[in-house]
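The values are calculated or read from the model by the stated rules, or taken from the named source; none is laboratory data. What you are looking at is a predicted structure, and each value in this text was computed from that prediction instead of being measured. Note that we place each Cβ from the backbone using ideal geometry, even for glycine, and neighbour counts take in every protein chain shown.
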Amino acid sequence: MQITSGGVSQIDEVRSGGSYLSQNDLRVHFGLGATEKVERLEIRWPSGVSETLQNVAADRFYTIKEGSGITQNGPVPTAKQK
């Protein structure tokens, strides 16, 4: 997954598995600082398909499904919301 936000590009990938009896977090997290949106988000799915989303708001959790785009989103919990 690659994002462009505030003139900066960042790349990360989902890493499944870990070690014996463990699992990595399947969420991908990007630090945007004070930037309020991701201008471009490109996902390269394991199937080889690429999907691009534009103008995605910051400080949200998104569920993205291959071929369907964003299927769910919600606020990032803060200490006050717990």
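The table below gives the values:
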quantity	calculated
Any hit, the stretch 3-14, residues being of a type in the set (D, E, K, R), at negative phi and surrounded by 11 or more Cβ atoms within 10 Å (Cβ to Cβ)	yes
Check on residue 57, farther than 16 Å from residue 12 by Cα, of a type in the set (A, V, I, L, M) and surrounded by 10 or more Cβ atoms within 10 Å (Cβ to Cβ)	yes
Hits in the stretch 21-48 (condition: among the polar types (S, T, N, Q) and at pLDDT below 90)	22, 23, 24
